[in-house]
Amino acid sequence: MSFLIDSSIMITSQILFFGFGWLFFMRQLFKDYEVRQYVVQVIFSVTFAFSCTMFELIIFEILKVLNSSSRYFHWKMNLCVILLILVFMVPFYIGYFIVSNIRLLHKQRLLFSCLLWLTFMYFFWKLGDPFPILSPKHGILSIEQLISRVGVIGVTLMALLSGFGAVNCPYTYMSYFLRNVTDADILALERRLLQTMDMIISKKKRMAMTRRTMFQKGEVHNKPSGFWGMIKSVTTSAPGSENLTLIQQEVDALEELSRQLFLETADLYATKVQGKETKERIEYSKTFKGKYFNFLGYFFSIYCVWKIFMATINIVFDRVGKTDPVTRGIEITVNYLGIQFDVKFWSQHISFILVGIIIVTSIRGLLITLTKFFYAISSSKSSNVIVLLLAQIMGMYFVSSVLLIRMSMPLEYRTIITEVLGELQFNFYHRWFDVIFLVSALSSILFLYLAHKQAPEKHMAP
Amino acid sequence: MASLDRVKVLVLGDSGVGKSSLVHLLCQNQVLGNPSWTVGCSVDVRVHDYKEGTPEEKTYYIELWDVGGSVGSASSVKSTRAVFYNSVNGIILVHDLTNKKSSQNLYRWSLEALNRDLVPTGILVTNGDYDREQFADNQIPLLVIGTKLDQIHETKRHEVLTRTAFLAEDFNAEEINLDCTNPRYLAAGSSNAVKLSRFFDKVIEKRYFLREGNQIPGFPDRKRFGGGTLKSLHYD
């Protein structure tokens with residue numbers, strides 16, 4: 001009986017998450033595009049729903065809501081469904097939509113998407129070989145095999161994002177004060193851009209007039225296309241068309257220049273907007289609310305630097321944290337500060353709050369990053385593929401969050417995760433996270449340094 | 001030959017609707033073989049005979065400025081795009097017949113381009129709300145072009161064309177629906193070619209021949225051109 005009640009609670013919450021994912025998709029991600037294939041929206045919302053359910057189950061574990069056996073059942077079921085989606089459904093649909101975009105292969109879409117999926121599975125499997133993640137006693141098609149590989153990919157992604165975020169946060173905070181772009185710089189660049197456009201236009205005018213006179217004289221200028229066209233154009237060429245190709249080459253070079261200038265102008269505008277925000281921020285920080293956000297900014301910057309430092313220490317001294325922060329914090333308060341309180345009661349609530357914060361911020365952070373990414377790189381042709389890729393990334397990210405969150409929880413709550421996920425080498429994942437985190441942070445530092453040096457100095461008045 | 005007079009016409013629309021293909025078709029009378037994503041702005045030039053066939057025939061250069069991007073771009077990209085909207089003589093709004101959102105976004109595109117002219121300072125003002133009043137006294141000729149007509153199934157054609165007719169009416173503009181990969185839609189003598197020619201003539205007229213009386217009192221110009229024609233839904 002209680003199992004039925006528990007299941008209905010779970011299903012209701014899953015439907016709620018599904019609805020939230022659906023709304024997010026419609027309102028945020030796809031607000032400039034038209035949803036023509038509803039399959040994409042469904043898949044995205046389903047992935048989101050099942051990922052959130054996993055987090056919900058962790059919370060239930062800590063708060064001891066629901067029956068323990070029904071929790072275990074739902075864990076297993078949820079895990080199976082998520083793996084099914086991440087390894088079978090989403091990659092297949094990604095392949096299908098990629099193939100649909102290519103006109104040539106339109107007829108045999110299904111065949112080619114199956115081929116793509118098989119290639120994906122092959123590489124996915126090969127991924128597990130160099131990593132010491134499993135004990136060999138597991139069979140081929142067990143959950144542990146799949147989870148371990150998904151975990152590796154997800155942890156890599158998490159570490160990359162965290163590394164970049166950890167470096168970017170203090171950088172953007174500090175760089176508001178460093179780069180100063182004036183209106184005169186922007187105007188100068190815009191003038192150059194318009195001059196380039198004028199040069200392109202005058203050349204195109206010559207080309208258009210040449211084409212018109214050629215057309216009126218009866219010579220038809222056919223652009224050589226294909227293999228035989230190229231061979232023909234070597235032997236026969238009218239003088240008018242030779243002129244045209246020369247001018248066309250000049251135009252191509254100028255157009256490349258205009259694109260460069262456009263991007264640089266956009267970059268300058270972005271810096272200028274940042275500078276304005278900084279000035280406003282300085283004004284705002286005089287108020288009480290402003291001081292509060294200012295403090296948060298400082299706090300997160302320091303926290304990011306501390307994380308990088310800790311990752312280095314972990315790798316250099318070859319240690320993986322044994323106790324979670326909650327228990328350690330309680331130990332410190334009890335032993336050193338002498339405050340006595342009911343350990344069991346408080347550890348449960350504090351770990352709930354801590355884990356809750358971690359979950360919420362990571363979900364929110366991921367959704368915001370995905371949205372920004374989506375706006376930056378998608379176009380109306382590729383939007384389906386990109387959204388599915390994002391759903392895949394999101395699913396893998398959440399699965400590996402579950403793996404890693406185990407470290408932040410006291411021992412008694414870790415057991416369920418260990419039970420459900422099987423005997424994975426959790427220490428390996430933490431080590432791997434630290435390594436990739438450090439690598440990503442260092443390369444972001446290098447990258448930001450180069451970008452900062454190269455871009456604005458060219459255009460700013462000395 | 002560069003001493004001919006020129007007019008500047010913007011080609012606006014969402015990414016992927018086919019602006020580059022359209023501009024290539026209009027200027028070089030050829031289908032664009034490998035369309036790629038436009039960064040910034042690409043310009044092409046069409047040689048147009050104003051009042052063709054009459055004694056006042058004169059040749060002009062029409063610059064077609066194909067501005068790439070989407071309405072949802074960051075404000076820095078919008079500010080950069082705004083530099084192309086200076087001294088515009090005509091606007092061609094392009095939308096994809098298979099994509100309703102691209103038609104709806106045309107309102108935002110037109111506001112972005114037109115607001116630029118109304119506000120002389122460097123600040124880009126977009127209120128985001130569509131206001132019919134703004135289009136009532138708009139002096140810049142507009143033309144609405146719908147692309148990918150070949151991808152609309154026969155049965156749905158009537159419904160789609162009714163919708164686009166309303167759209168064009170909102171802008172007080174003519175509309176043309178075609179497929180950019182097929183030059184026969186703009187073949188000489190077809191109704192589409194006539195509409196295009198009329199649009200360019202209107203642009204040239206506004207720029208060069210109505211200088212003296214810029215404020216047109218009473219009934220606006222477009223009533224003479226666009227109000228009398230029957231919105232025919234048959235396309236050859």
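The values are calculated or read from the model by the stated rules, or taken from the named source; none is laboratory data. Computed from a predicted structure; not experimentally measured. Note: ideal-geometry Cβ built from the backbone for every residue, glycine included; neighbour counts use all protein chains shown. Keep in mind that these areas ignore ligands, DNA and RNA; they rest on the heavy atoms of the full protein, side chains included. Shrake-Rupley method; radii C 1.70, N 1.55, O 1.52, S 1.80 Å.
Things to note:
Per-residue answers, yes or no, for (1) more than 30 Å from B:N34 (Cα to Cα); (2) out of contact with any helix residue (DSSP H, G or I) (no Cβ under 8 Å at 6 or more places or on another chain); (3) in a loop (DSSP other than H, G, I, E, B); (4) of a type in the set (A, V, I, L, M):
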| residue | (1), (2), (3), (4) |
| --- | --- |
| B:A168 | no, yes, no, yes |
| B:C180 | no, no, yes, no |
| B:R184 | no, yes, no, no |
| B:N192 | no, no, no, no |
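- Subset tally (residues that are touching a residue at least 12 places away in the same chain (Cβ under 8 Å) and of a type in the set (D, E)) for segment B:24-51: 1
- Qualifying residue in segment B:18-28 (condition: within 11 Å of chain A (Cβ to nearest Cβ), within 11 Å of B:C180 (Cα to Cα) and in contact with a His (Cβ under 7 Å, 6 or more places away or on another chain)): no
- Single unsatisfied condition, B:S102 versus (1) open to solvent by less than 10 Å² (accessible area, probe 1.4 Å); (2) modelled with pLDDT of 85 or more; (3) facing chain A (nearest Cβ under 8 Å): (2)
- Of all residues in segment B:147-171 being open to solvent by 80 Å² or more (accessible area, probe 1.4 Å) and of a type outside the set (D, E, K, R), the one that is farthest from the chain's Cα centre (by Cα): B:T155
- Summed over segment B:22-42, residues that are crowded, with 20+ Cβ neighbours inside 10 Å and either modelled with pLDDT of 85 or more or not polar (S, T, N, Q) (or both) total 8.
- Test: residue in segment A:228-248 that is open to solvent by less than 50 Å² (accessible area, probe 1.4 Å), within 10 Å of chain B (Cβ to nearest Cβ) and modelled with pLDDT of 70 or more: no
- Failed item, numbered, when B:E57 is tested on (1) more than 21 Å from A:E256 (Cα to Cα); (2) in contact (Cβ under 8 Å) with a residue 12 or more places away in the chain; (3) open to solvent by 70 Å² or more (accessible area, probe 1.4 Å): (2)
- For segment A:422-433, the count of residues that are of a type in the set (D, E, K, R), at pLDDT 75 or above and open to solvent by 20 Å² or more (accessible area, probe 1.4 Å) is nonzero.
- Residue list for segment B:80-111, restricted to those being touching a residue at least 60 places away in the same chain (Cβ under 8 Å), farther than 17 Å from B:L161 by Cβ and not hydroxyl-bearing (S, T, Y): B:F84, B:V88, B:N89, B:G90, B:I91, B:I92, B:K101, B:N105, B:W109
- Scanning segment B:181-229 for residues that are at pLDDT 80 or above and among the β-branched types (V, I, T) returns B:V194, B:V203, B:I204.
- Condition check for B:S73 on (1) at pLDDT below 85; (2) within 19 Å of the chain's Cα centre (by Cα): one failure, at (2).
- Test: residue in segment B:89-96 that is among the aliphatic types (A, V, I, L, M), surrounded by fewer than 23 Cβ atoms within 10 Å (Cβ to Cβ) and more than 9 Å from chain A (Cβ to nearest Cβ): no
- Search result, residues across segment A:382-395 that are open to solvent by 10 Å² or more (accessible area, probe 1.4 Å) and under 15 Å from A:V90 (Cα atoms): A:N384, A:V385, A:I386, A:L389, A:Q392, A:I393
- Condition broken by A:F131, with the remaining ones in (1) under 30 Å from A:K76 (Cβ atoms); (2) at pLDDT below 75; (3) surrounded by fewer than 14 Cβ atoms within 10 Å (Cβ to Cβ) satisfied: (3)
- A residue that is open to solvent by 40 Å² or more (accessible area, probe 1.4 Å), within 12 Å of chain A (Cβ to nearest Cβ) and at pLDDT below 85 can be found somewhere in segment B:124-136.
- The residue that is farthest from the other protein chains (Cβ to nearest Cβ), among those in segment B:43-54 that are in contact with a strand residue (DSSP E or B) (Cβ under 9 Å, 6 or more places away or on another chain) and open to solvent by 40 Å² or more (accessible area, probe 1.4 Å), is B:K51.
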